[in-house]
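K.L.:
What follows is a structure written as structure tokens; I'll ask about it next.
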Amino acid sequence: MGHRPSAWYSAAILASALAFAGCGGEDFSEAEKAAIASLSLAFLPPLPTDPSNKYADDPAAAALGATLFFDQRMSPDGVVACGTCHLIDRQFQDDLPLGRGVGVGNRRTMPLAGVAWGPWFFWDGRRDSLWAQALTPLEDRREHAGTRAFYAHFIADNFAERYERIFGKLPDLSGVPPSAGPFGTEAEQSAWNAMPTDQQDEVNRVFANLGKAIAAFERSIVPEETRFDRFAKALAAGKEPQSDAAFSSEEIAGLKLFIGKAACATCHTGPRLTDDSFHNTGVPPVEGLSEDLGRETAVAEVVADPFNCFGRYSDALPESCGELRFVVRDDPRLTRAFKPPSLRGAATRPPYMHAGQFKTLDAVIDHYARAPAAVSGETELHPLSLSERERQQLIAFLNTLAN
């Protein structure tokens, strides 16, 4: 359900454990020191390549992607940009329980810092590349509510020169309806179905390249160093942390709980504090929203996506699509399973969970301590005995990941 750590990453963890040996930090065992190091940005591996997007690290593509990301004309009503929900001053999320574009969605907006390190995208992993993810909200009737033809014309009318310098010549769109696509209104879908296959392909190619440009920009959004990272760095060096890195006794106790008794690091692991896998943790549904089965339904969607790693618009060779090739398709553990978001900055961005079910960190910790049964599928949680002080110590530690 996830992916194996790279050899580089595993070697880095071992090296960190050796580095901690014999240094200060008498409050921690050697195993705890290694666990702490594994969570710090010092051990974030290099930005992975994206074989499906040959423009992923092209500065011109990233510059165009940044322009598109903040352009409100990226919705037919001229109101919604990617940056409408992914606010630059709020860790590229919007503080709302459910994302709001043209309409209201059924899930929380995820922050974007470090997103390019993940193999799956969205809460349920229904897309397998950052560029395929970027395309999805553009056609969603609740988000941007556009169509593929609309975006092809938008690029041709406003960014033709920049597009052609990066991706090559635009196709002739004179015979393409102004708005047509497989997910639009009934009229827009009919217009799309009436288009010749080769014309659909040309529009799809422009649409895919638009996503690749946005992804190139989003790859530049990386996690920021926090007090925890500075603390971990001092601990690794065997030095007393400076004032901007010092932990209180409560924060140290919370860190010990996080990597130990509370088992938070089981899923919130690695330098981005997520294992990029999918877990049913018994989070309750939201009244009024349709049933959300998470990863169970997302697998079929990512496999069928024409913009996936195997698709004709991908730049990858089939052998480079390992995640998609070996994806788990039929497993009861996929029911209501969602990806753990990064906890970096989480203390400052309530509400929590995939549909904002919990308003506070206290409520989140209470849920994990009680471990209620899931409404469908089976929760991975087991009840925890946490005192009120321990709960507050956990929250104290989580705040060190946000400053």
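K.L.:
Could you tell me whether region 208-270 comes out rounded, prolate or oblate from its Cα gyration tensor? Rule is a ≥ b ≥ c as square roots of the eigenvalues, rounded for a/c under 1.5, then prolate if a/b exceeds b/c, otherwise oblate.
P.N.:
Since a/c reaches 1.5 but b/c is at least a/b, the shape of region 208-270 is classed as oblate.
K.L.:
How far is the Cα center of region 357-371 from the Cα center of region 117-173, in Å?
P.N.:
37
K.L.:
What are the ³J(HN,Hα) couplings of region 155-168, residue after residue, when phi is run through the Karplus curve with 6.51, -1.76, 1.60 and θ = phi - 60°? Round to Hz, x for glycine and proline.
P.N.:
5, 5, 7, 10, 9, 4, 5, 5, 4, 5, 5, 9, 9, x
K.L.:
Taking a temperature of 20 °C and a viscosity of 1.002 mPa s, what whole-number D in µm²/s does Stokes-Einstein yield for region 123-183 with Rh from Kirkwood over alpha carbon pairs?
P.N.:
In µm²/s, the coefficient is 166.
K.L.:
Skip the ligands, DNA and RNA, and give the accessible area per residue of region 59-218 with a 1.4 Å probe, whole Å².
P.N.:
39
K.L.:
Looking only at Cα atoms, what is the convex hull volume of region 278-364 per residue, in Å³?
P.N.:
Cα-based convex hull of region 278-364, divided per residue, equals 135 Å³.
K.L.:
Along each principal axis of its Cα atoms, how long is region 216-356 end to end? Whole angstroms, biggest number first, please.
P.N.:
In descending order, the Cα extents are 54, 41, 25 Å.
K.L.:
Further question: If you average the sequence gap of Cα pairs under 8 Å that are 6 or more apart and divide by the length of the chain, what percent do you get for the contact order?
P.N.:
22 percent.
K.L.:
Assuming 1.002 mPa s and 20 °C, estimate D for the chain with Stokes-Einstein, Rh taken as the Kirkwood radius over Cα pairs, in µm²/s.
P.N.:
Details: Rh = 22.5 Å.
Rounded to a whole number, D works out at 95 µm²/s.
K.L.:
So how do 396-403, 170-177 stack up, highest first, on mean other-Cβ count within 10 Å? Walk me through the numbers on the way to the answer.
P.N.:
Details: 396-403: 20.5, 170-177: 14.9.
Taking the mean over residues of other Cβ atoms within 10 Å, the ranking is 396-403, 170-177.
K.L.:
Report the relative contact order of region 59-218, percent, no decimals, based on alpha-carbon pairs under 8 angstrom and at least 6 residues apart.
P.N.:
28
K.L.:
Per-residue ellipticity at 222 nm for the chain, helices alone: DSSP H runs ≥ 4 residues times -39500 (n - 2.57), over residue total, nearest 500 deg cm²/dmol?
P.N.:
-11500 deg cm²/dmol
K.L.:
On to the next question. Are any of the pairs 256/339; 233/359; 239/359; 33/359; 54/233 more than 27 Å apart by Cα-Cα distance, and if so, which? List each step's numbers first, then the result.
P.N.:
Working: 256/339 24 Å; 233/359 32 Å; 239/359 38 Å; 33/359 32 Å; 54/233 35 Å.
233/359; 239/359; 33/359; 54/233, as the Cα separations exceed 27 Å there.
K.L.:
Another one. Cα axis of helix 197-218 to longest principal axis of the chain: angle in degrees, 0 to 90, nearest 10?
P.N.:
Approximately 30 degrees, to the nearest ten.
K.L.:
Enter the angle in degrees (range 0 to 90, nearest 10) between the Cα long axis of helix 30-39 and the first principal axis of the Cα atoms of the chain, meaning the one along which they spread out most.
P.N.:
20
K.L.:
Of the accessible area of region 352-391, with the probe set at 1.4 angstrom, what percent is carbon plus sulfur? Don't jump to the answer; show the numbers that get you there.
P.N.:
Values: 1210 of 2250 Å².
After summing per-atom areas, the C and S share lands at 54 percent.
K.L.:
Taking all protein chains in place and a 1.4 Å probe, what share, in percent, of the accessible surface of region 44-200 do carbon and sulfur account for? Show your work: numbers first, answer last.
P.N.:
Values: 3650 of 6690 Å².
Reported share for carbon and sulfur atoms: 54 percent.
K.L.:
Another one. Percentage of Cα-Cα pair distances in region 47-121 greater than 18 Å, rounded to whole percent?
P.N.:
Counting pairs separated by more than 18 Å, the tail of P(r) holds 51 percent.
K.L.:
Turning to a different aspect of this structure: Which one, 104, 114, 241, projects farthest toward the positive side of the charge dipole computed for region 87-244 from Cβ point charges (K/R +1, D/E -1)?
P.N.:
Farthest along the dipole direction, towards plus: 241.
K.L.:
How would you order 58-66, 33-41, 326-334 from highest to lowest mean count of nearby Cβ atoms within 10 Å?
P.N.:
Top of the packing list down: 33-41, 58-66, 326-334.
K.L.:
Let me ask something additional. Beyond 27 Å, what share of the Cα-Cα pairs of region 59-218 remains, rounded to the nearest whole percent?
P.N.:
Roughly 20 percent, rounded to a whole number.
K.L.:
Hey, can you rank 107-118, 237-248 by average C-beta count inside 10 Å, highest first? Display every interim value, and only then the final one.
P.N.:
On the way: 107-118: 21.0, 237-248: 13.6.
In decreasing order of mean packing, 107-118, 237-248 become 107-118, 237-248.
The values are calculated or read from the model by the stated rules, or taken from the named source; none is laboratory data. Note that the coordinates shown come from a computational prediction; the quantities given were computed from them, not determined experimentally. Please note: Cβ atoms are built from the backbone with ideal geometry, for glycine as well, and neighbour counts cover all protein chains shown. Side chains included, ligands, DNA and RNA excluded: accessible areas come from the protein's heavy atoms. Shrake-Rupley method; radii C 1.70, N 1.55, O 1.52, S 1.80 Å.
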